[in-house]
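Step one of this worksheet: look at the structure below.
The values are calculated or read from the model by the stated rules, or taken from the named source; none is laboratory data. Quick caveat, the model's predicted, so the values are computed rather than measured. Note that each Cβ is placed from the backbone with ideal geometry, even for glycine, and that neighbours are counted across all protein chains shown. These area figures cover heavy atoms from the full protein model, side chains too; ligands, DNA and RNA do not enter into them. Shrake-Rupley method; radii C 1.70, N 1.55, O 1.52, S 1.80 Å.
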Amino acid sequence: MSSTFVANGCASNGSEVTSPAITKSVDAKQTNSINKPVQFLERIFRILVEEKVITGPQDVRNKVINFKYPHELQQLLDLPIGEAPTKDEVLVEACQRTIQYSVQTGHPQFFNQLFGGVDQYGLAGSWITEALNTSQYTFEAAPVFTLVEHSIVQKMLTLVGYENGDGIFCPGGSVSNMYAMHVARYKMFPEVKKKGMRALPRLVAFTSDEVQISLSTVFILSILSI
């Protein structure tokens, strides 16, 4: 039968020994480091539910927005960025104020834009996307999202009747118009890719009077006159 003695945290066989008190302290720190972000997110989620951001306000007597002028809102919001870290309580209060003074797009009388309210499935997808915090520029960085994007593009191609096509997601109408203008220019003058605009004749684009306002900027970026 072999015996082992402990001295200065080391056993006679050369292995390290950790006391129960130290182990418990380390485990507690690890648990706190894991629970802290979860607890913070749970608090924010409760605020979203209590303020009816997810379900949307059902009472039409509630305001669509608690409107404040810019100079008034600056006094209510702590916007300057300091050098010291901010405590969780301050961040929670900032989240509450953000909700309090933002437009309630889920309100029954919100008709201003082409969007409104919260879709629970889209919100869940957004949470997963933000939590994974990846990018879709390569398959290696985002294998699942790359295939999802490809599948959606293929579905959209069938809706417009394209048998052979491709697509790209755009952040908004302005960028979409810019992409469309560049694609049209390349289709008519593919040599622009290697020779540049100097090799092309004067280009003209025809639009209606009701064209989106961003198209004037697109013309300038495409080196076209307005």
Pairs where the first residue, in region 186-198, is part of a helix (DSSP H, G or I) and the second is open to solvent by 100 Å² or more (accessible area, probe 1.4 Å), C-beta under 6 Å, 6+ apart: Met197/Ile223
Residues being surrounded by fewer than 13 Cβ atoms within 10 Å (Cβ to Cβ), at pLDDT below 90 and not aromatic (Phe, Trp, Tyr) - total across region 150-182: 7
Looking at region 146-185, which of its residues are on the phi < 0 side of the Ramachandran plot, part of a loop (DSSP other than H, G, I, E, B) and more than 27 Å from the chain's Cα centre (by Cα)? Tyr162, Glu163, Asn164, Gly165
Gln136 vs. criteria open to solvent by 80 Å² or more (accessible area, probe 1.4 Å) and within 23 Å of the chain's Cα centre (by Cα): yes
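At pLDDT below 90, hydrophobic (A, V, I, L, M, F, W, C) and at positive phi: is that true of Ile213 in this structure?
Details: at pLDDT below 90: yes; hydrophobic (A, V, I, L, M, F, W, C): yes; at positive phi: no.
No.
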Could you tell me how many of the residues in region 101-133 are in contact (Cβ under 8 Å) with a residue 40 or more places away in the chain, open to solvent by 90 Å² or more (accessible area, probe 1.4 Å) and in a helix (DSSP H, G or I)? 1
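Give me a count of the residues in region 190-226 that are of a type in the set (Phe, Trp, Tyr) and open to solvent by 50 Å² or more (accessible area, probe 1.4 Å). Working first, answer last.
At the first step, the residues of region 190-226 found to be of a type in the set (Phe, Trp, Tyr) are 206, 219.
Next cut, open to solvent by 50 Å² or more (accessible area, probe 1.4 Å) only: 206.
Looking only at that region, the number is 1.
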